[in-house]
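Trainee: Sharing a structure, written as structure tokens. Questions coming.
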Amino acid sequence: MKDIFALRLYTRVARLGSFSAAARECGLSQSQASRTIAELESDLGVRLLTRTTRAVVLTDAGAQFLSRIDPILVALDDAEQSVREGGELRGMLRMSMPSSVATREVIPRLAPFIALHPELRLDVMTGDKPQDLVRDAVDVAIRLGRLPDSTATARRIGMIPRVVVASPGYLAAHGEPDTPEALNGHRIVAGPASIVPTAWRFTQAQQEIAVELDAHFSTNENEAAVAAASAGLGITSTSEWACRRELNDGTLVRLLTGWHLADIPVHAYFPMGRATRLAGRAVVDYLVADLQRDESRPPLAG
């Protein structure tokens, strides 16, 4: 068990590039973590990490070793889970997702899953900025939009309608656009969900219109874009998930309902590919089933 612990500690030091950060995660002092890795290197007869005053960097041997032990540690986790009575999951499950998805859709659904697996600890990392999922040992990432080309695997959870919205106060002051082209005469709020490579693209019957817009208010967080539109700062385009509450209570109004914008694909992204832990796949199965059961929400096409 000591050897397995050393291997797990090594993977965290290697990904975080820090003995102190890995030690905190594992409940050790920095000196204990350093000594454990030194003993591992001594047993293997090879240096795995290059230590400097500024960083801890993998050697070539260390990188090769990391790539080989990752699937072994995952297999050990899964073997333990598979024979546990009742199928109860344990350990740490790390998830990553945009803030809106976490606070509005995923976290409110997790209580029954956690009740089934009380020994499972969840670490949910939120934010709309790109993240090094492998370094942070993320088991499952929920991602909206196109996925980057990768050796990782993904499962499509569903499709979310993309909407154009504004507050009643903004519309009272500036009027409501009746065509996509009329957006050019309005103030635009740009957030991550509204960014399209060149323009907002609308379709109606056989007609397609691409409207290039200059933002008057920009933010890198989707929640901030929804807040800005709710405050009357302008018109934004976002996912229906991100503003469902505001649409329901009248804080925001959906615009250009006769026009369609491309739906947003939602994927569960597994950075470790086939080596993803059983708990990661279990939570995705649960979320997919719960979304499909929720008859009060628009159905998601998987």
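The values are calculated or read from the model by the stated rules, or taken from the named source; none is laboratory data. Bear in mind the structure is a predicted one, so any value in this text is a computation, not a measurement. As a convention, Cβ positions derive from the backbone with ideal geometry for all residues, glycine included, and neighbour counts pool all protein chains shown.
Trainee: With respect to Met97, is the statement that it is within 30 Å of Ser239 (Cβ to Cβ) and modelled with pLDDT of 90 or more true?
Mentor: The answer is yes for Met97.
Trainee: Among the residues of segment 220-242, is any hydroxyl-bearing (Ser, Thr, Tyr), within 22 Å of Ser96 (Cα to Cα) and either in contact (Cβ under 8 Å) with a residue 60 or more places away in the chain or surrounded by fewer than 19 Cβ atoms within 10 Å (Cβ to Cβ) (or both)?
Mentor: Yes, there is a match, as at least one residue in segment 220-242 is hydroxyl-bearing (Ser, Thr, Tyr), within 22 Å of Ser96 (Cα to Cα) and either in contact (Cβ under 8 Å) with a residue 60 or more places away in the chain or surrounded by fewer than 19 Cβ atoms within 10 Å (Cβ to Cβ) (or both).
Trainee: I would also like to ask the following. So for segment 34-50 (the condition being closer than 16 Å to Thr11 by Cβ, in a loop (DSSP other than H, G, I, E, B) and among the polar types (S, T, N, Q)), does at least one residue qualify?
Mentor: no
Trainee: Out of Ala137, Ala154, Ala141, Ala172, which single residue is in a helix (DSSP H, G or I), aliphatic (A, V, I, L, M) and either modelled with pLDDT of 90 or more or out of contact with any Pro (no Cβ under 6 Å at 6 or more places or on another chain) (or both)?
Mentor: One residue alone meets the criteria, Ala172.
Trainee: I would also like to ask the following. Only residues in segment 19-42 that are surrounded by fewer than 19 Cβ atoms within 10 Å (Cβ to Cβ) count as the first member; pair them with residues that are among the charged types (D, E, K, R) and modelled with pLDDT under 90, Cβ under 7 angstrom, at least 6 apart or cross-chain, and list the lot.
Mentor: From segment 19-42, the pairs are Glu25/Arg12; Cys26/Arg12.
Trainee: For segment 254-302, name all the residues that are more than 18 Å from Glu105 (Cα to Cα), at pLDDT 90 or above and hydroxyl-bearing (Ser, Thr, Tyr).
Mentor: Passing the criteria: only Thr257.
Trainee: Going through Val74, Val57, Val124, Val106 one at a time, which residue ends up being in a helix (DSSP H, G or I) and modelled with pLDDT of 85 or more?
Mentor: The match here is Val106.
Trainee: Here is a further query. Which of the residues that make up segment 107-134 are in contact with a Pro (Cβ under 9 Å, 6 or more places away or on another chain) and crowded, with 17+ Cβ neighbours inside 10 Å?
Mentor: Selection gives Thr126, Asp128, Leu133.
Trainee: Here's a follow-up. If Gln64 passes every condition in (1) closer than 30 Å to Ala224 by Cβ; (2) exposed (fewer than 14 other Cβ atoms within 10 Å of the Cβ); (3) not assigned by TED's automatic domain parsing to the domain that holds Gly280 but one, which one does it miss?
Mentor: For Gln64, the exception is condition (1).
Trainee: Shifting gears a bit: Would you check which residues across segment 206-254 are more than 21 Å from Leu144 (Cα to Cα), outside any helix (DSSP H, G or I) and either of a type in the set (S, T, N, Q) or outside the structural domain of Ser167 (by TED's automatic domain parsing) (or both) and list them?
Mentor: Gln206, Gln207, Thr251
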